[in-house]
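Here the structure is laid out as structure tokens; the discussion comes afterwards.
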Amino acid sequence: MVTTITVPSRVERLAGSGIERIPKEYIRPEEERPSIGDIFAEEKMGGGPQVPTVDLEGINSEDLEVREKCREELRKAAVDWGVMHLVNHGIPEELTGRVKAAGEGFFGQPIEEKEKYANDQAAGNVQGYGSKLANNASGQLEWEDYFFHCVFPEDKTDLSIWPKTPSDYIAATREYAKQLRALTTTVLAVLSQGLGLEEGRLEKEVGGMEELLLQMKINYYPKCPQPELALGVEAHTDVSALTFILHNMVPGLQLFYEGKWVTAKCVPNSIIMHVGDTVEILSNGKYKSILHRGVVNREKVRVSWAVFCEPPKEKIILQPLPETVSEADPPRFPPRTSAQHIKHKLFRQTDQEGADTPKPDE
């Protein structure tokens with residue numbers, strides 16, 4: 001008699017059920033497993049390449065030398081790595097603390113409470129509380145639950161699906177989104193200058209204040225009894241223009257740099273920033289959208305708050321800007337809308353094995 005394992009819809013429930021072995025749907029392919037190690041040991045390791053830390057304190061300094069040094073460090077990190085720890089980013093620690101407390105408060109509720117906010121991926125409604133659906137022939141699942149919603153511009157948000165508990169969730173998240181949007185403008189201006197463009201050019205190309213969407217995904221990674229076999233989020237690049245990440249100081253982010261997986265250190269009071277595919281395409285590959293993944297562990301729950309700054313899906317054609325192209329450096333990317341780019345990535349990922357269900361950016 002064959003016993004069928006029914007995978008619970010929520011990873012948190014599965015993790016809390018006392019299992020010692022994870023269901024096969026969560027086990028990564030054999031060739032991937034040797035690269036998945038002990039995240040705590042790897043975070044403590046010295047030597048080797050390290051994700052750069054960029055201090056933004058001087059980014060708008062009146063001292064030209066100070067300002068240019070700061071801006072050049074940001075551009076260099078975007079060229080070399082496409083990811084960095086931002087410190088002195090101007091968003092108060094008190095506010096990021098409130099955002100974290102609100103997200104942890106939501107996930108600290110019983111699963112039954114969280115289910116009131118469940119999304120419906122099959123119907124294309126990705127906002128709300130969810131877990132990844134198997135989206136390819138191998139039926140691969142990821143060791144995480146999440147909450148996903150649009151947080152800016154305010155006229156494009158749907159407060160009816162935002163958590164009512166904790167009571168500070170809406171106020172803290174709204175204020176954080178507003179301040180993050182201002183930081184986005186600053187960063188895009190610096191990256192524009194690095195391409196020899198006017199400061200406002202990249203911002204305009206990705207939709208400007210009215211059209212660029214900020215989508216927040218709170219990732220909740222429960223403890224995993226076999227972390228060497230699973231991943232919280234599989235290897236991917238972000239389709240966004242920029243992605244900003246807070247976390248609860250539990251390591252888990254890894255970047256594929258120079259042929260090896262590098263573990264990001266936990267830098268206090270920092271925000272991790274990724275360059276996404278959108279800026280990589282517009283810059284004709286000068287700025288990098290780095291492959292990254294989320295690793296889990298058996299000792300501590302990890303929570304991260306990712307905000308994806310995404311251009312409108314259909315309105316804008318993504319292609320290298322004319323100023324980034326020359327005879328010596330022809331366009332590296334064909335013209336596509338953001339929606340077409342996402343579709344292209346999904347089909348490439350699934351080897352044409354079938355259509356994909358709409359889902360939030362990883």
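The values are calculated or read from the model by the stated rules, or taken from the named source; none is laboratory data. Worth saying up front: this structure is predicted, and the values here are computed from it rather than measured. Cβ sites come from the backbone with ideal geometry, for glycine too, and all protein chains shown count toward neighbours. Accessible surface areas use protein heavy atoms only, side chains included; no ligands, DNA or RNA. Shrake-Rupley method; radii C 1.70, N 1.55, O 1.52, S 1.80 Å.
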| field | Subset of region 161-215 [of a type in the set (V, I, T), touching a residue at least 40 places away in the same chain (Cβ under 8 Å), open to solvent by 40 Å² or more (accessible area, probe 1.4 Å) and part of a helix (DSSP H, G or I)] | value | I161
| query | Do we have G124 as open to solvent by 20 Å² or more (accessible area, probe 1.4 Å) and either among the charged types (D, E, K, R) or on the phi > 0 side of the Ramachandran plot (or both) here? | reply | yes
| remark: Reported set for region 33-57 where residues are over 18 Å from P251 (Cα atoms), without any contact (Cβ under 8 Å) to a residue 24 or more places away in the chain and either basic (K, R) or in a loop (DSSP other than H, G, I, E, B) (or both) is none
| query | Out of all the residues in region 89-106, is one or more in a strand (DSSP E or B), touching a residue at least 40 places away in the same chain (Cβ under 8 Å) and of a type in the set (G, A, S)? | reply | no
| message | Can you confirm whether V279 is open to solvent by less than 20 Å² (accessible area, probe 1.4 Å), closer than 16 Å to I218 by Cβ and among the aliphatic types (A, V, I, L, M)? | response | no
| task | Would you mind finding the one in Y220, Y257 that is open to solvent by 10 Å² or more (accessible area, probe 1.4 Å), in contact (Cβ under 8 Å) with a residue 60 or more places away in the chain, within 16 Å of D145 (Cα to Cα) and aromatic (F, W, Y)? | result | Y220
| field | Matching residues, region 314-347, being charged (D, E, K, R) and open to solvent by less than 70 Å² (accessible area, probe 1.4 Å) | value | D329, R336, K345
